[in-house]
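Okay, structure first, notes after.
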Amino acid sequence: MTTSASLPAVPASELPGATVTDRLVEANRRYAEQFSDPGMDARPVLHVAVVACMDARIDLHKALGLQLGDCHTIRNAGGVVTDDTIRSLTISQRALGTRAVVLIHHTGCGLEALTEDFRHELEDEVGQRPAWAVEAFRDVDQDVRQSMQRVRTSPFLLHRDDVRGFVFDVTTGLLREIDPLS
Ligand SMILES: [Zn+2]
């Protein structure tokens, strides 16, 4: 068995005229050729759920030394704990046995460049304001603390004591832990 990370991307020159999705589908075909059923249970081996920003520079499995099957990965813009993140964590804990939660935000996040005005700009453009908050932030440390607090106070979660938050430095690859109380 291999992972997609060990296979090079399909170069554009190999598939002239192909869309990016075509390239992904071709990469998958090659991946499946070398794939063998790992026979795994759906429950994460390490009983951990990682909530992280969707930023393309963060290779979560490599950065955290994770293997296939080790964890649940929940990603969104900012790695913020929204109602939908709580939905996934609740299913992760109650149906699939995870007990620890790791939150990862990062330096240079796109959400630092936005404000809640983004919603109003959308409303001006399309005539409808989204129901969701942008979850923009100015202070990444404080945003990690807020996310930890949202997990710790959720009534739906079974396990709220092992919750730790970090900022990933996209230039060094290092995590910096955030003290929830400072
Ligand atoms: Zn980000």
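General remarks:
- Local electrostatic count at residue 108 - Lys and Arg +1, Asp and Glu -1, tallied over other residues with Cβ under 12 Å: -2
- Within-11-Å neighbourhood charge of residue 180 [Cβ basis; K, R +1; D, E -1]: 0
- Over the chain, relative contact order from alpha-carbon pairs under 8 Å, at least 6 apart, %: 20
- Here the extension length gained between residue 122 and residue 77 equals 14.5 nm, from 0.36 nm per residue of separation less the Cα-Cα distance.
- Under-5 Å amide H pairs with residue 165, H placed in peptide plane, nonlocal only: 103, 178
- Gyration tensor (Cα) of the chain, equivalent ellipsoid semi-axes in angstrom: 29, 24, 17
- If you take all other residues with their beta carbon under 13 Å from the beta carbon of residue 162, and give Lys and Arg +1 and Asp and Glu -1, the sum is +3.
- On the beta carbon distance between residue 177 and residue 31, with R0 = 25 Å, the FRET formula returns roughly 0.15.
Read the figures in this text as sums done on the coordinates, not as results from a lab. Predicted model only: the values in this text are computed from it and were never measured. When we count neighbours, we look across all protein chains shown, and the Cβ atoms used for this are built from the backbone with ideal geometry, even at glycine.
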